[in-house]
Amino acid sequence: MSARTVDWTALRGREEEPAAEGLRDRKKRLLRQQLSDTATEMFMDRGFDAVRVSEIAAACGVSEKTVFNYFPTKESLILDLGETTLSALRTTLADPGLSPVEAVLEILSGQLAGLTSWLAAQDDWSQATAVLLRFGRLIGSTPSLRAYQRDMTDQQIAVAAEVLARRTGMSPDDPEPQIAAASLLALWPIQFQALRRHLNGAQTSEELRNEVSADVRRAARLIDTGLVSLSPAQRNH
């Protein structure tokens, strides 16, 4: 298996086709997927810094300007899951039927399911897991990608703090929603680290999913204990 055989959009979580999507919107959605998948393949083959955005545009038959119309930065071409997470935080975390921890676990579970479903569909487990580990090493070894991840995490914390503030009648600047949001977003690196730790040892996608989920839920229980006190009535001025 080479990077060229990987359906990267499916791996990162393909956007569901809207029920009432028109032809124009469908073409835009598919082009966005093509740009991201092509960029990821090229980055995996040659390294992030060695690939120019103009080359990605040429490979997709569009202009460089078109690429930036869909992705504001080169980094966002490969780390597009961050935008999906932002959208999920705005909707799922705002659901009054879910506690904050339950909402975040639902988002994380969906993302993990996308990855493990992709793994289950591969013919060669060892080669598939090797591709995932290479992807992780690419991110970890590229300073600009790590910086982009940090910036995206800051945006996600800000959005989560706003949602939590609305749920509790606080201000997003209050310390309670700020620390609660930062704690909830810390579950993402827990999931990534658990994936890296269990990827080689797990024999099936179901086993991997169960082991990673168990680690994430252990961390989530600790956070949930603290979030019990997330209430306007607990504030001291």
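Yes/no matrix, rows are residues, columns are (1) over 19 Å from Thr153 (Cβ atoms); (2) surrounded by 20 or more Cβ atoms within 10 Å (Cβ to Cβ); (3) in contact with a His (Cβ under 8 Å, 6 or more places away or on another chain); (4) of a type in the set (Val, Ile, Thr):
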{"position": "Leu35", "(1), (2), (3), (4)": "yes, yes, no, no"}
{"position": "Ala39", "(1), (2), (3), (4)": "yes, yes, no, no"}
{"position": "Arg46", "(1), (2), (3), (4)": "yes, no, no, no"}
{"position": "Arg52", "(1), (2), (3), (4)": "yes, no, no, no"}
{"position": "Glu64", "(1), (2), (3), (4)": "yes, no, no, no"}
{"position": "Tyr70", "(1), (2), (3), (4)": "yes, no, no, no"}
{"position": "Thr73", "(1), (2), (3), (4)": "no, no, no, yes"}
{"position": "Leu77", "(1), (2), (3), (4)": "no, yes, no, no"}
{"position": "Leu81", "(1), (2), (3), (4)": "no, no, no, no"}
Handout entry: Matching residues in the range 105-121 - criterion: being assigned to a helix (DSSP H, G or I), among the aliphatic types (A, V, I, L, M) and either touching a Gly at 6+ places or on another chain (Cβ under 6 Å) or surrounded by fewer than 16 Cβ atoms within 10 Å (Cβ to Cβ) (or both)
Key = Ala113, Ala120
Handout entry: Residue check, Ser144 within 30 Å of Ser229 (Cβ to Cβ) and modelled with pLDDT of 95 or more
Key = no
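Would it be correct to say that Ser205 is polar (S, T, N, Q) and without any contact (Cβ under 8 Å) to a residue 12 or more places away in the chain? Steps first, answer last, please.
Working: polar (S, T, N, Q): yes; without any contact (Cβ under 8 Å) to a residue 12 or more places away in the chain: no.
For Ser205, the condition - polar (S, T, N, Q) and without any contact (Cβ under 8 Å) to a residue 12 or more places away in the chain - is not met.
A quick yes/no check of all residues on (1) small (Gly, Ala, Ser); (2) assigned to a helix (DSSP H, G or I); (3) under 20 Å from Asp95 (Cβ atoms); (4) in contact with a Leu (Cβ under 7 Å, 6 or more places away or on another chain):
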| position | (1), (2), (3), (4) |
| --- | --- |
| Gln127 | no, yes, no, no |
| Val131 | no, yes, no, no |
| Ile139 | no, yes, no, yes |
| Asp154 | no, yes, no, no |
| Glu162 | no, yes, yes, no |
| Ala182 | yes, yes, no, no |
| Phe192 | no, yes, no, no |
| Arg197 | no, yes, no, no |
Fill in the blank from the handout: Flagged pairs (Cβ under 7 angstrom, 6 or more apart or on separate chains; first in the range 38-49, within 20 Å of Gly61 (Cα to Cα); second hydrophobic (A, V, I, L, M, F, W, C) and outside any helix (DSSP H, G or I)) are Ala39/Ile78; Thr40/Ile78; Met42/Val51; Phe43/Val51; Phe43/Ile78
Exercise for the section: Would you mind stating whether Ala128 is free of Cβ contacts under 8 Å to residues at least 24 places away in the same chain, crowded, with 20+ Cβ neighbours inside 10 Å, over 15 Å from the mean Cα position of the chain (by Cα) and not assigned by TED's automatic domain parsing to the domain that holds Gly47? Expected result: no
Problem - Pairs with Cβ under 8 Å, 6+ apart, first in the range 214-237 and in a helix (DSSP H, G or I) and modelled with pLDDT of 80 or more, second of a type in the set (D, E, K, R) and surrounded by 12 or more Cβ atoms within 10 Å (Cβ to Cβ) - result: Asp215/Arg197
Exercise for the section: Please work out which residue is nearest to the chain's Cα centre (by Cα), limiting yourself to the range 43-88 and to residues that are in a loop (DSSP other than H, G, I, E, B) and hydroxyl-bearing (Ser, Thr, Tyr). Expected result: Thr73
Exercise for the section: Exactly one condition in (1) closer than 20 Å to Leu164 by Cβ; (2) free of Cβ contacts under 8 Å to residues at least 60 places away in the same chain is not met by Leu105; state its number. Expected result: (2)
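Okay, residues lined up against (1) assigned by TED's automatic domain parsing to the domain that holds Gly226; (2) surrounded by fewer than 19 Cβ atoms within 10 Å (Cβ to Cβ); (3) within 19 Å of Ile223 (Cβ to Cβ):
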residue	(1), (2), (3)
Ala103	yes, no, yes
Thr142	yes, yes, no
Ala165	yes, no, yes
Glu176	yes, no, yes
Leu184	yes, no, yes
Ser205	yes, no, no
Leu208	yes, no, no
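Might you let me know whether the range 167-175 holds any residue that is in a helix (DSSP H, G or I), closer than 23 Å to Val212 by Cβ and β-branched (Val, Ile, Thr)? It would help to see each step written out before you state the result.
To start, the set of residues in the range 167-175 that are in a helix (DSSP H, G or I) comprises 167-168, 175.
Cutting the leftovers down to closer than 23 Å to Val212 by Cβ gives us none.
No, the conditions are met nowhere in the range 167-175.
The values are calculated or read from the model by the stated rules, or taken from the named source; none is laboratory data. Worth saying up front: this structure is predicted, and the values here are computed from it rather than measured. Heads up, the Cβs are rebuilt from the backbone with ideal geometry, glycines too, and the neighbour counts pull from every protein chain shown.
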